[in-house]
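Okay, so here's the structure we're looking at.
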Amino acid sequence: MPDVALLIELLPLALLAGVFGLDVVSFPQAMISRPIVAATVGGAFFGSPMAGLVCGVALECLALESLPVGASRYNEWGSGSVVAGVIAAHGAGPDGLPVAGPLVVSVVVGIASAWLGGWTMVRHRKLIASFARPRLGQLAAGNRKTVIGLQVFGMTADLVRGALVGLLVYLPSRLLVEYSLAHWSVRDDISRGVVVTCVASVAATAIWKDFHSISLTRRLFLASLAVGSLIVVLRG
């Protein structure tokens, strides 16, 4: 691939990964960093939204298990899901859905990049702390310029962090998905069955815990299940 074409491909990927990674904690926390959204948008930008959506649904089932709270360590699904959606789009079949090998690769890539993103978030927090420590007196006094400067620095660094995660994961992952397209030998039904079983098991565990800890969860789940089933039946 020519260098210019590669650059054109990498720039939107880096921007998407940065923006969706930024949404996880820094701004605007509008839930666009959820895997089902981020992977779908990533797939859409590279020509196959349905492939991104399928990958995003699988990753969303896994992301249900983790709850981002405070300064705890958790996976960063935003930038990682963008990369996974792009990888799924590269392995999309004629119907727009990812074939078995690229689907497995995209889910594994999403998990790995989410873990890497979580690790970089810890480093990002330490970077902000080191930037703020010499300015504690000004922050305590409510100095407007210092407060705004710290916020802008933190969000800019987070944007760059997400973009770098996307680029670092995408380059080797693309080679891996191309290899899977040429050499994947496991039957499609078995490959998809393994993916569905694994992600459904994790999602079921997370939902089961919510049933016992959050009020009205069971009713909301049953209502959502009924509405979703009705839509599937009506669309035939």
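Above 24 Å, the calculated P(r) of the chain contains 50 percent of its Cα-Cα pairs. Charged neighbours of residue 46, selected by a Cβ distance under 12 Å, balance to 0 (K, R count +1; D, E count -1). Between 5, 28, 164, whose Cα lies farthest towards the positive end of the dipole of the chain when Lys and Arg beta carbons carry +1 and Asp and Glu beta carbons carry -1, centred on the Cα centre? Going by the charge dipole, the pick is 28. Evaluated at q = 0.15, 0.23, 0.25 Å⁻¹, a Debye calculation over the C-alpha positions of segment 132-234 (equal weights, vacuum) places log10 I(q)/I(0) at -0.94, -1.14, -1.23. Hydrophobic, long helices, defined as DSSP H runs whose alpha-carbon span along the helix axis is 18 Å or greater and whose mean Kyte-Doolittle value is at least -0.5, occur in the chain at 3-25, 49-63, 77-90, 100-132, 144-183, 188-213, 217-235. Computed over the chain with a Gaussian network model linking Cα atoms closer than 10 Å, the most mobile of 141, 17, 38 is 141. Pick from 178, 60, 76: which is most flexible by mean-square fluctuation in a GNM of the chain where alpha carbon atoms under 10 Å apart are linked? Highest fluctuation among the options: 178. Spin-label model, residue 202 to residue 220: label points 7 Å out along the Cα-to-beta-carbon direction sit 2.1 nm apart.
No value in this document is a laboratory result; all are computed from the given coordinates. Quick caveat, the model's predicted, so the values are computed rather than measured. Every residue, glycine as well, gets a Cβ built from its backbone with ideal geometry; the counts of neighbours run over all protein chains shown.
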